[in-house]
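Trainee: What follows is a single structure, and I will ask about it in a moment.
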Amino acid sequence: MPSYSLSRRIATFAVTTFALVLVTEGSLMAFEDSVWESLPYFDDTTVREVTAAAGYPVILKCRVRNIGDRAVSWIRRRDLHILAIGIMTYTNDPRFQAEHTEGSDDWTLKIRNAYPGDSGVYECQISIDPKISLGIHLNVISSRARILGSREVFVRRDSDVNLTCVVEAAPTPIELNWSRNGRPLDFSRRGGMSILTERRERTSQLLMSRVSHHDAGNYSCFPIGNSVTDAASVLVHVIKDENSAAMQHESSANFPKHSRASIGFAVVVCSVLRLLMR
């Protein structure tokens with residue numbers, strides 16, 4: 001009887017110990033899971049490669065889960081310059097601005113009027129021990145405007161004109177504008193003129209009906225709000241007929257500037273010699 005009681009006690013102790021071990025292991029695993037789940041991490045949807053056009057704003061977005069009360073910093077890798085901590089910006093360059101909406105997982109770094117020198121890696125860093133960071137590569141390319149066709153156009157009076165401008169290496173959609181001789185087009189004083197813009201195709205057409213000599217001039221197109229992209233220009237001549245255009249074009253082709261200067265010099269020399277011979 002005593003031996004049976006001892007064996008029962010030993011079995012009970014073993015079962016109790018095993019149960020305690022299971023409970024302890026379960027609690028530890030649950031604790032570890034809760035710790036890991038509470039640590040911040042970068043969301044896989046964060047875009048790691050960003051390509052932008054010079055002269056336009058750039059948005060770098062870092063998505064962080066479980067951030068809690070921790071801060072997110074933006075660091076430019078090439079010089080290790082801290083650009084922002086939280087929503088506070090730490091740079092003298094006013095083009096940089098950090099943004100964050102309370103309750104959101106997105107932390108944003110904006111660069112207004114970006115240029116190719118801004119290209120490089122920008123790190124989104126979380127202030128934990130040890131710190132973790134995610135690099136976002138920015139590539140800023142130069143955009144350029146181009147008017148299709150020749151740089152110089154001859155058109156007949158009373159004919160219709162169609163000038164097409166295309167901006168290459170620029171984001172979409174984009175808004176284009178036109179000017180004549182450096183001034184914005186005045187639609188109120190000139191009827192029969194319109195602009196057709198395909199923002200997603202990055203093209204703009206300037207249409208003018210029944211042109212006259214008042215429409216002659218240097219026409220330029222340029223992206224609105226872009227101080228980096230050079231404007232594209234075309235010189236429009238309005239002539240009476242095709243023969244006038246052909247003669248003017250042939251004259252320009254056969255007698256370049258230096259030839260015309262030589263001819264003028266020869267005329268002056270002949271005049272002087274004629275006076276001396278009298």
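The values are calculated or read from the model by the stated rules, or taken from the named source; none is laboratory data. None of these values were measured; they are calculated from a predicted model. Cβ sites come from the backbone with ideal geometry, for glycine too, and all protein chains shown count toward neighbours. Surface accessibility is based on the protein's heavy atoms, side chains included, excluding ligands, DNA and RNA. Shrake-Rupley method; radii C 1.70, N 1.55, O 1.52, S 1.80 Å.
Trainee: Test ARG76 against the criterion of being at pLDDT 95 or above, basic (Lys, Arg) and in contact with a Lys or Arg (Cβ under 6 Å, 6 or more places away or on another chain), and give yes or no.
Mentor: No.
Trainee: Moving on to the next point. What are the residues in the stretch 207-216 that are closer than 15 Å to SER179 by Cβ and open to solvent by 10 Å² or more (accessible area, probe 1.4 Å), if any?
Mentor: ASP215, ALA216
Trainee: Only residues that are assigned to a loop (DSSP other than H, G, I, E, B), open to solvent by 40 Å² or more (accessible area, probe 1.4 Å) and touching a residue at least 24 places away in the same chain (Cβ under 8 Å): list them for the stretch 129-153, please.
Mentor: The answer is SER142, GLY149, SER150, ARG151.
Trainee: Out of ARG189, ARG200, which single residue is of a type in the set (Lys, Arg), within 25 Å of THR51 (Cβ to Cβ) and either assigned to a loop (DSSP other than H, G, I, E, B) or in contact with a His (Cβ under 6 Å, 6 or more places away or on another chain) (or both)?
Mentor: Criteria check complete, one pass: ARG200.
Trainee: I'd like the residue in the stretch 56-67 that is within 15 Å of ILE132 (Cα to Cα) and not aliphatic (A, V, I, L, M) and, out of all such residues, is surrounded by the most Cβ atoms within 10 Å (Cβ to Cβ).
Mentor: The residue in question is CYS62.
Trainee: What are the residue pairs meeting all of these: first residue in the stretch 41-68, first residue closer than 26 Å to VAL167 by Cα, second residue of a type in the set (Phe, Trp, Tyr) and open to solvent by less than 30 Å² (accessible area, probe 1.4 Å), Cβ atoms under 6 Å, and 6 or more apart or on different chains?
Mentor: LEU60/TYR122
Trainee: Let me ask something else about it. Given the condition in a strand (DSSP E or B) and either closer than 30 Å to PRO57 by Cα or modelled with pLDDT under 85 (or both), answer yes or no: does some residue in the stretch 256-265 qualify?
Mentor: Within the stretch 256-265, none of the residues are in a strand (DSSP E or B) and either closer than 30 Å to PRO57 by Cα or modelled with pLDDT under 85 (or both).
Trainee: Here's a follow-up. Could you look through the stretch 217-231, keep only residues that are among the small types (Gly, Ala, Ser) and closer than 23 Å to SER159 by Cα, and pick out the one that is surrounded by the fewest Cβ atoms within 10 Å (Cβ to Cβ)?
Mentor: GLY217
Trainee: Taking the stretch 154-179 as the region of interest, how many residues are farther than 13 Å from ALA232 by Cβ and assigned to a strand (DSSP E or B)?
Mentor: 5
Trainee: Would you check which residues across the stretch 177-211 are among the polar types (S, T, N, Q) and touching a residue at least 24 places away in the same chain (Cβ under 8 Å) and list them?
Mentor: The answer is ASN177, SER179, ASN181, THR203, SER204, GLN205, SER209.
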